[in-house]
Amino acid sequence: LCATSYTWSATRGNETLTATLTFTYVGAVEKGDALRVTLPGFKREAELVVKLGDSSTLVQVQSWSSDDVLTLVFTAAVSLTDAGTTLQLIGFRGPTRGIVQNQRNFTLQYNISAITADWSEARAVETVPPMEKAAVVTNLRMASLNASSTKQYLGFRYGRPLSSGEAVTVVFSGGFTGKPFIGENTTEITRQGGPDPYSFRVASWDQATETLVLRCNQDIPAEEDVYVNITNLNAPSTGVLPRLRQGITLSTDEDFGTLAFRGVKVGRPILVASQAAVTWVEDELGRQEARR
């Protein structure tokens, strides 16, 4: 068993891709024989589709484990030749950290159905092409002025350029309401000496799912601090929890190379008291009413 090369349909990490492994195995393969492929850092994105050569039924997925090992089982006997066999894997998202050239922890193993505990490992994979690190969202935060505020301030920094026309999707949680639009006074949230706010518009707002889609009106360079003032968006009457506890997320267009939904950190929570009551108690100085 000799693994020869991998190829990826994506050049940057954390994007949905098709992985293709070409390997050489000469001889007959029986029904029930298995292949085990290690894909370090890969994430299952959807239902996995596996094709051996031109067939999508000759092998089937037996398992995908938490340690990034995909086990495949042959559904019928087949003869493989020294011309090489192509295994195509669809339904994965590449590792966020990317892949270095000829990364060594990609492995391929073969198991004969009659021998359940013994796996034959291919010689070192000859070619693993590199994959750039994913564009990462950082400095992701949101704040409100106060509990009655209708303005929500959103800020983030993205690891790749944002293109004019690209969408940024924010999913709120907890009961945000209103008919939001982008306010004209975005400069008030820009710190002194900081960058000017960039231009966005509201593309859509779905009250039922609390999903706000913003459309970028201009190109924005990578690693820029982006500030958006969302006006006429009411915070929940129950308040807004601090840090990541509110469950607000942000993502960008898949067509441009998205990062999976990331949690938005609430920097200025809104705390709302409920069922508050004052109870007068007696201490060593007597009842409170007597000391007024």
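The values are calculated or read from the model by the stated rules, or taken from the named source; none is laboratory data. Everything quoted here is computed from the prediction, not taken from an experiment. All Cβ positions, even for glycine, are placed from backbone atoms using ideal geometry, and neighbour counts span all protein chains on display. These accessible areas exclude ligands, DNA and RNA; they are computed on the full protein's heavy atoms, side chains included. Shrake-Rupley method; radii C 1.70, N 1.55, O 1.52, S 1.80 Å.
The number of residues in the range 44-58 that are in a strand (DSSP E or B), farther than 19 Å from W8 by Cβ and open to solvent by 60 Å² or more (accessible area, probe 1.4 Å) comes to 1. Among the residues of the range 80-101, not a single one is at pLDDT below 75, farther than 25 Å from T252 by Cα, part of a loop (DSSP other than H, G, I, E, B) and not aromatic (F, W, Y). Scanning the range 59-79 for residues that are surrounded by 14 or more Cβ atoms within 10 Å (Cβ to Cβ) and among the charged types (D, E, K, R) yields one hit, D68. Filtering the range 84-130 to residues that are among the small types (G, A, S), open to solvent by 60 Å² or more (accessible area, probe 1.4 Å) and closer than 18 Å to L58 by Cα leaves nothing. Here is the figure for the range 12-26: residues that are open to solvent by less than 30 Å² (accessible area, probe 1.4 Å) and either closer than 18 Å to V137 by Cα or aromatic (F, W, Y) (or both) total 3. In the set (1) modelled with pLDDT of 90 or more; (2) open to solvent by less than 30 Å² (accessible area, probe 1.4 Å); (3) of a type outside the set (A, V, I, L, M), S9 fails one condition alone, (2).
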